[in-house]
Amino acid sequence: IRNITDRRNAEKALLESGRFNQATLDALDAHLAVLDKDGKILATNQAWREFAELNEADWRAMSEGANYLAVCEAAAAKGDLDASRTLDGIREVIAALKTTWSFEYPCHSPTEKRWFMCRVTRFPGDGPVRVVVAHENITERKQAEAWLTDSQQRLELATKSAHIGVWDWSVATNTLVWDTQMYELYGVREKDF
């Protein structure tokens, strides 16, 4: 007879640790996958699985056990430049040429315009190579940027049409900035001001 209490307690602790880690990943909004050095998907979170099911004809190609680099290679072979960039970025992080890599890309669906930030991060320290691939939906930010750009263009057009000038004074730096209309209204050349 052997006392295996310590072994059973260690097994329970390991199971609880795995449950805790998966629950933590699943609570995040970003789509996350953990890859090994060959690009094999070792783990995903709930957001990744849901996105894969909604957007892939064969969502198993984006599930645990599948090779994410092969998915990117197939898309790149069809001319998808974003997939090609992603493939290169993941490979650079796997090869430890970079610890992180990121870029923004459009990923529009038939029903909506949307943008994502792809961020690839290498696990720190010794041990087997592990890379986290995260896709975060940045559509709201991109829409706000577009709205701001459009608003600025409309303001500029309105001030030109009304023949009024706009100036800005920074109290912190004591800097005064005029738009072109202000120079015209006062009959001053910008280089002489």
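The values are calculated or read from the model by the stated rules, or taken from the named source; none is laboratory data. What you see is a predicted model; the values in this text were computed from it and never measured. For neighbour counting, all protein chains shown are included, and Cβ atoms are generated from backbone atoms with ideal geometry for every residue, glycine included. Heads up: the accessible areas ignore ligands, DNA and RNA and are worked out on the full protein's heavy atoms, side chains in. Shrake-Rupley method; radii C 1.70, N 1.55, O 1.52, S 1.80 Å.
Looking only at strands (runs of 3 or more DSSP E) that lie completely in the range 22-113, which have at least 2 residues being within 23 Å of R130 (Cβ to Cβ) and open to solvent by 50 Å² or more (accessible area, probe 1.4 Å)? Talk me through it step by step, then tell me what you get.
Numbers: elements: 31-35, 41-44, 100-106.
Filter on the range 22-113 gives 100-106.
In the set S63, S84, only one residue is in contact with a helix residue (DSSP H, G or I) (Cβ under 6 Å, 6 or more places away or on another chain) and over 19 Å from P124 (Cα atoms); that residue is S84. Scanning the range 102-117 finds no residues that are over 21 Å from D29 (Cα atoms) and under 17 Å from the mean Cα position of the chain (by Cα).
Suppose the filter is modelled with pLDDT of 75 or more and in contact with a Phe, Trp or Tyr (Cβ under 7 Å, 6 or more places away or on another chain); does A52 pass it? In short, yes.
R141 satisfies every condition listed in (1) exposed (fewer than 15 other Cβ atoms within 10 Å of the Cβ); (2) over 25 Å from A27 (Cβ atoms); (3) touching a Phe, Trp or Tyr at 6+ places or on another chain (Cβ under 9 Å); (4) of a type in the set (K, R) except (2). Of the residues making up the range 135-192, those that are small (G, A, S) and under 27 Å from the mean Cα position of the chain (by Cα) are A144, A146, S151.
Could you please let me know if A158 is of a type outside the set (D, E, K, R) and at pLDDT 90 or above? Judged against the criteria, A158 is not a match.
This table checks each residue for (1) surrounded by 13 or more Cβ atoms within 10 Å (Cβ to Cβ); (2) in contact with a Leu (Cβ under 7 Å, 6 or more places away or on another chain).
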site: A134; (1), (2): yes, yes
site: N137; (1), (2): yes, no
site: L155; (1), (2): no, no
site: A158; (1), (2): no, no
site: V177; (1), (2): no, no
site: Y183; (1), (2): yes, no
site: Y186; (1), (2): no, no
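Selection of first residues in the range 28-46 that are touching a residue at least 40 places away in the same chain (Cβ under 8 Å) and of second residues that are of a type in the set (S, T, Y), restricted to Cβ pairs under 9 Å at least 6 apart or on distinct chains, gives the following pairs, ordered by first then second residue: H31/T44; L32/T44; A33/T44; A33/Y68; V34/T44; L35/Y68; G39/Y68.
For the range 160-175, a residue qualifies if it is among the β-branched types (V, I, T) and exposed (fewer than 10 other Cβ atoms within 10 Å of the Cβ), and the qualifying residues are V171, T173, T175.
H163 falls short on exactly one of the conditions (1) modelled with pLDDT of 85 or more; (2) part of a loop (DSSP other than H, G, I, E, B); (3) touching a helix residue (DSSP H, G or I) at 6+ places or on another chain (Cβ under 8 Å); (4) not small (G, A, S), and that condition is (1). The lone criterion from (1) touching a residue at least 12 places away in the same chain (Cβ under 8 Å); (2) in contact with a helix residue (DSSP H, G or I) (Cβ under 9 Å, 6 or more places away or on another chain); (3) not small (G, A, S) left unmet by E53 is number (1).
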